[in-house]
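Q: Can you keep this structure in mind? I'll have questions shortly.
The values are calculated or read from the model by the stated rules, or taken from the named source; none is laboratory data. Remember, predicted model here, so these are calculated numbers, not experimental data. Here the Cβ positions follow ideal geometry from the backbone for every residue, glycine too, while neighbour counts run over all protein chains shown.
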């Protein structure tokens with residue numbers, strides 16, 4: 001795991017905290033019950049159910065550790081930080097692609113909340129990193145895995 005700061009919106013932090021709570025209180029109990037039930041069936045050395053339950057327990061504990069680590073180094077994005085007209089983590093940004101004039105609006109979020117299909121791009125992605133600190137009407141050239149993109153910042157909220 002890394003010590004790198006993770007940026008989260010208030011909603012994203014709440015979602016991850018709720019997931020952690022659910023895993024610790026509900027899922028741990030469920031997995032423990034599965035393990036106990038598999039042990040009651042007899043010889044665990046040849047029990048597929050016991051092996052499956054132990055794997056599930058390992059994955060569960062790994063996710064709990066991951067969430068705890070992420071939340072311990074998370075910085076919550078404050079709404080006041082996003083309102084100065086400059087692209088920041090938490091900003092909603094409308095860009096126009098110079099090639100075809102198409103416009104898209106994205107929210108810049110930390111990598112833990114990124115979901116491009118939902119219009120949420122990471123501040124660490126090529127486009128996200130390139131537009132950070134920019135203001136409306138500024139032109140940006142971005143090297144992406146699929147080639148060079150040229151875009152103009154239209155609006156920042």
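Q: Quick check, is residue 129 outside the structural domain of residue 66 (by TED's automatic domain parsing), surrounded by fewer than 17 Cβ atoms within 10 Å (Cβ to Cβ) and within 24 Å of residue 69 (Cβ to Cβ)?
A: Yes: the conditions hold for residue 129.
Q: For residue 93, state whether it is buried (at least 22 other Cβ atoms within 10 Å of the Cβ), in the same structural domain as residue 144 (by TED's automatic domain parsing) and farther than 18 Å from residue 76 by Cα.
A: Details: buried (at least 22 other Cβ atoms within 10 Å of the Cβ): yes; in the same structural domain as residue 144 (by TED's automatic domain parsing): yes; farther than 18 Å from residue 76 by Cα: yes.
For residue 93, the condition - buried (at least 22 other Cβ atoms within 10 Å of the Cβ), in the same structural domain as residue 144 (by TED's automatic domain parsing) and farther than 18 Å from residue 76 by Cα - is met.
Q: Can you tell me which of (1) surrounded by 12 or more Cβ atoms within 10 Å (Cβ to Cβ); (2) in a loop (DSSP other than H, G, I, E, B); (3) without any contact (Cβ under 8 Å) to a residue 60 or more places away in the chain; (4) more than 19 Å from the chain's Cα centre (by Cα) is the one residue 149 doesn't meet?
A: (2)
Q: Take residue 84 and tell me if it is exposed (fewer than 14 other Cβ atoms within 10 Å of the Cβ) and closer than 25 Å to residue 8 by Cα.
A: yes
Q: Quick check on region 56-69. Is at least one of its residues in contact with a helix residue (DSSP H, G or I) (Cβ under 9 Å, 6 or more places away or on another chain), surrounded by 14 or more Cβ atoms within 10 Å (Cβ to Cβ), assigned to a loop (DSSP other than H, G, I, E, B) and free of Cβ contacts under 8 Å to residues at least 60 places away in the same chain?
A: no
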